[in-house]
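Everything below concerns the one structure shown next.
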């Protein structure tokens with residue numbers, strides 16, 4: 001890479017006079033600009049040396065890659081004369097004078113609490129759907145499966161116990177997750193949830209507390225009461241930690257926090273918040289019943305634009321309420337938000353597939369086909385951001401399909417009884433009686449979105465296949481050369497298995513809370529939530545990146561893989577605090593050698609996510625990159641496999 005040239009091209013694209021401040025981390029330039037609208041986005045998108053761009057927290061970020069970004073930054077500073085800044089300084093500059101957005105802050109709060117609960121709710125909901133298959137009459141004949149095969153009654157009853165557990169004891173899970181998010185002890189949050197779902201509580205009974213009648217109604221299936229209760233717990237716990245002497249803090253802080261929160265919950269918080277919860281649920285159900293199919297159609301037309309704002313991250317909290325209301329009281333049709341999300345996702349995927357058939361660009365064809373498959377399975381970011389919004393018209397064409405399909409689903413009152421994959425596989429989460437209609441609606445969404453996109457694209461060919469600028473023969477040859485697998489310093493790419501760099505829980509890269517990694521701008525790979533503090537070399541090779549901040553390492557494998565081990569999200573802001581490094585740039589290491597350490601607990605207390613990302617930054621040179629689908633992994637275990645040739 002010509003670092004001077006890349007820096008010059010970035011400066012030209014963003015505007016030299018438009019730059020307020022600049023910094024860099026292990027993978028990207030971080031810029032604060034006066035006016036983001038003045039950026040020549042097309043120039044940056046068409047630059048082969050730039051892996052992507054995005055804006056977050058007032059920063060415009062340009063993805064360069066490990067080993068190159070620091071050199072590009074140095075040239076950037078030389079050419080602009082901008083004062084060098086740390087990432088923490090840049091964050092302060094970006095937020096200076098800006099009021100925090102309370103709506104987005106609340107959305108992120110709900111997302112942080114409910115997203116970790118989704119696997120448990122998916123499992124419970126799908127078990128519920130399975131039991132409905134067994135017990136519902138009319139699906140396979142006039143009688144239910146249990147009536148036709150009485151021996152399955154015990155199986156059905158056991159499945160019902162499994163299915164209802166996550167919803168009955170939902171306050172326990174919410175309490176644990178909310179306490180973690182509010183900065184309280186998660187287990188104390190779980191205790192509050194346990195108190196609110198205790199078998200000792202009997203609906204209709206009261207305690208006589210000094211003349212007050214305190215209801216013993218249990219809070220099973222409830223969300224909002226436990227959220228507020230745990231928030232109060234977190235305030236009390238922090239207060240007592242701060243004011244109690246160290247000698248008694250360990251014993252009396254949990255005691256006082258729990259007992260005060262408990263009394264407040266049963267006397268006031270629980271009854272009041274249960275009414276609020278019921279009003280919200282009743283209001284949503286009323287809105288659905290009142291607007292019906294028309295409301296569903298409008299929702300289908302605006303769902304994808306809502307995704308662009310990030311507000312959809314708050315929907316799981318509402319969906320849990322809808323599912324709980326349907327499960328406990330058969331109120332409403334279930335989760336209609338899931339149905340609309342499914343129609344919208346399939347429509348965006350269909351529009352992306354239409355581009356696959358229209359485009360003549362090999363890169364776009366490959367990107368759109370893979371992104372289309374992902375969208376049909378419920379992950380739309382690659383389709384929306386990588387294809388449809390870049391071309392603009394496919395995104396809006398997809399809204400037509402989503403609108404009509406959601407309208408039809410509203411007519412037949414299709415609802416989900418579980419969270420799951422909002423796409424073609426979503427039928428697993430739908431009320432069994434509505435599965436056929438659901439699939440028909442998905443097909444309607446796909447066909448309409450595909451046809452509208454295809455017809456518009458066919459009649460506006462220049463939008464899909466712009467006339468290329470004439471290139472010289474030498475440039476053409478150079479372009480063909482660029483398509484060949486890169487060989488660095490005589491290294492020929494080989495099939496290779498990259499080891500896990502740390503002990504912990506495996507996490508898909510797509511779920512990492514940093515879009516540079518989740519959208520795989522740096523390449524494919526996987527992540528690990530560390531359960532240990534030591535980071536090990538995942539391959540044998542040479543250290544190409546070893547930053548002073550000690551939060552990232554780049555390794556050129558002996559077999560050709562360019563591996564980035566990035567420790568934590570935004571941990572560059574810690575400037576090496578809580579990290580230790582044992583290697584230097586240029587050093588040769590063997591697989592399993594210690595690279596460094598991270599104090600996981602200390603990093604979390606500082607408010608940072610310690611997730612360790614392992615990314616193959618030269619993914620484009622491989623036929624396939626994939627990781628092991630396991631829950632827990634030990635350092636040195638086979639983790640990521642790269643295929644260079646069959």
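I'd like to check something: does the range 75-84 contain any residue that is assigned to a helix (DSSP H, G or I) and modelled with pLDDT under 80? Checking the range 75-84: not a single residue is assigned to a helix (DSSP H, G or I) and modelled with pLDDT under 80. Restricting 258, 285 to residues that are surrounded by 14 or more Cβ atoms within 10 Å (Cβ to Cβ) and either within 26 Å of the chain's Cα centre (by Cα) or at pLDDT 90 or above (or both) narrows the list to 258.
State whether the residues of the range 547-566 include one that is surrounded by fewer than 19 Cβ atoms within 10 Å (Cβ to Cβ), free of Cβ contacts under 8 Å to residues at least 60 places away in the same chain and not in a loop (DSSP other than H, G, I, E, B). Looking through the range 547-566, none of the residues is surrounded by fewer than 19 Cβ atoms within 10 Å (Cβ to Cβ), free of Cβ contacts under 8 Å to residues at least 60 places away in the same chain and not in a loop (DSSP other than H, G, I, E, B). Suppose we filter 169, 176 for residues that are surrounded by 21 or more Cβ atoms within 10 Å (Cβ to Cβ), out of contact with any strand residue (DSSP E or B) (no Cβ under 7 Å at 6 or more places or on another chain) and either modelled with pLDDT of 90 or more or outside the structural domain of residue 264 (by TED's automatic domain parsing) (or both); which single one remains? Just a single option satisfies the conditions, and that option is 176. Could you list, in sequence order, the residues of the range 586-612 that are assigned to a loop (DSSP other than H, G, I, E, B) and either in contact (Cβ under 8 Å) with a residue 24 or more places away in the chain or more than 29 Å from residue 185 (Cβ to Cβ) (or both)? Once the filter is applied, which keeps residues that are assigned to a loop (DSSP other than H, G, I, E, B) and either in contact (Cβ under 8 Å) with a residue 24 or more places away in the chain or more than 29 Å from residue 185 (Cβ to Cβ) (or both), the range 586-612 yields 586, 587, 590, 591, 592, 593, 599, 606, 608. For residue 247, the test of being in the same structural domain as residue 167 (by TED's automatic domain parsing) and either crowded, with 16+ Cβ neighbours inside 10 Å or in contact with a strand residue (DSSP E or B) (Cβ under 9 Å, 6 or more places away or on another chain) (or both) is failed. The single condition among (1) part of a helix (DSSP H, G or I); (2) on the phi > 0 side of the Ramachandran plot that residue 319 does not meet is (2). Just one of the listed residues (268, 293) is touching a residue at least 12 places away in the same chain (Cβ under 8 Å) and either surrounded by 14 or more Cβ atoms within 10 Å (Cβ to Cβ) or part of a helix (DSSP H, G or I) (or both), and it is 293. In the range 149-163, the residue that is surrounded by the most Cβ atoms within 10 Å (Cβ to Cβ) out of those that are over 17 Å from residue 119 (Cβ atoms) and touching a residue at least 24 places away in the same chain (Cβ under 8 Å) is 159.
All conditions but one from (1) part of a helix (DSSP H, G or I); (2) touching a helix residue (DSSP H, G or I) at 6+ places or on another chain (Cβ under 9 Å); (3) surrounded by fewer than 16 Cβ atoms within 10 Å (Cβ to Cβ) apply to residue 146; the one that does not is (3).
Kindly indicate which of 487, 475 is modelled with pLDDT under 75, more than 28 Å from residue 594 (Cβ to Cβ) and not in a loop (DSSP other than H, G, I, E, B).
One residue alone meets the criteria, 475.
Of the residues making up the range 193-226, those that are in a loop (DSSP other than H, G, I, E, B), over 39 Å from the mean Cα position of the chain (by Cα) and more than 26 Å from residue 326 (Cβ to Cβ) number 3.
Filtered by the rule that a residue be buried (at least 22 other Cβ atoms within 10 Å of the Cβ) and in a loop (DSSP other than H, G, I, E, B), the range 567-585 gives a lone residue, 578.
The selection criterion, being farther than 24 Å from residue 370 by Cβ and either part of a strand (DSSP E or B) or modelled with pLDDT of 90 or more (or both), does not hold for residue 615.
Determine whether the range 87-98 contains at least one residue that is surrounded by fewer than 18 Cβ atoms within 10 Å (Cβ to Cβ), modelled with pLDDT of 85 or more and part of a helix (DSSP H, G or I). Scanning the range 87-98, I find no residue that is surrounded by fewer than 18 Cβ atoms within 10 Å (Cβ to Cβ), modelled with pLDDT of 85 or more and part of a helix (DSSP H, G or I), so the answer is no.
Output the number of residues of the range 529-546 satisfying the condition of being over 21 Å from residue 622 (Cβ atoms), assigned to a strand (DSSP E or B) and modelled with pLDDT of 90 or more. Even if it seems obvious, please write down each step before you answer.
Our first condition is that a residue be over 21 Å from residue 622 (Cβ atoms); within the range 529-546, this holds for 529-536, 543, 546.
Restricting the remaining residues to those that are assigned to a strand (DSSP E or B) gives 529-530, 534-536, 543, 546.
Among the residues that remain, those that are also modelled with pLDDT of 90 or more are: 529-530, 534-536, 543.
Here the count works out to 6.
Just to check your reading of the model, which residue among 177, 200, 215 is out of contact with any helix residue (DSSP H, G or I) (no Cβ under 8 Å at 6 or more places or on another chain) and within 20 Å of residue 274 (Cβ to Cβ)?
Exactly one of 177, 200, 215 is out of contact with any helix residue (DSSP H, G or I) (no Cβ under 8 Å at 6 or more places or on another chain) and within 20 Å of residue 274 (Cβ to Cβ), namely 200.
Given the condition in contact with a strand residue (DSSP E or B) (Cβ under 9 Å, 6 or more places away or on another chain), closer than 16 Å to residue 67 by Cα and crowded, with 22+ Cβ neighbours inside 10 Å, answer yes or no: does some residue in the range 533-545 qualify? Yes: the range 533-545 contains one or more residues that are in contact with a strand residue (DSSP E or B) (Cβ under 9 Å, 6 or more places away or on another chain), closer than 16 Å to residue 67 by Cα and crowded, with 22+ Cβ neighbours inside 10 Å. In the range 617-641, the residues that are in contact (Cβ under 8 Å) with a residue 40 or more places away in the chain form Cβ pairs under 9 Å with partners that are surrounded by 20 or more Cβ atoms within 10 Å (Cβ to Cβ) and assigned to a helix (DSSP H, G or I), at six or more places apart or across chains, as follows: 627/509. Taking (1) at pLDDT 80 or above; (2) more than 33 Å from the chain's Cα centre (by Cα) in turn, residue 137 satisfies each apart from (1). Against the test of being more than 23 Å from the chain's Cα centre (by Cα), more than 30 Å from residue 137 (Cβ to Cβ) and crowded, with 17+ Cβ neighbours inside 10 Å, the options 384, 404, 444, 435 yield a single qualifying residue, 404. All but one of (1) surrounded by 21 or more Cβ atoms within 10 Å (Cβ to Cβ); (2) farther than 18 Å from residue 232 by Cβ hold for residue 205; which doesn't? All conditions are met except number (1). For the range 348-368, the criterion of being surrounded by fewer than 24 Cβ atoms within 10 Å (Cβ to Cβ) and under 21 Å from the mean Cα position of the chain (by Cα) is met by at least one residue.
The values are calculated or read from the model by the stated rules, or taken from the named source; none is laboratory data. Bear in mind that the values here come from a model prediction, so they are computed numbers and not experimental data. No Cβ is skipped: glycine too gets one built from the backbone with ideal geometry, and neighbour counts run over all protein chains shown.
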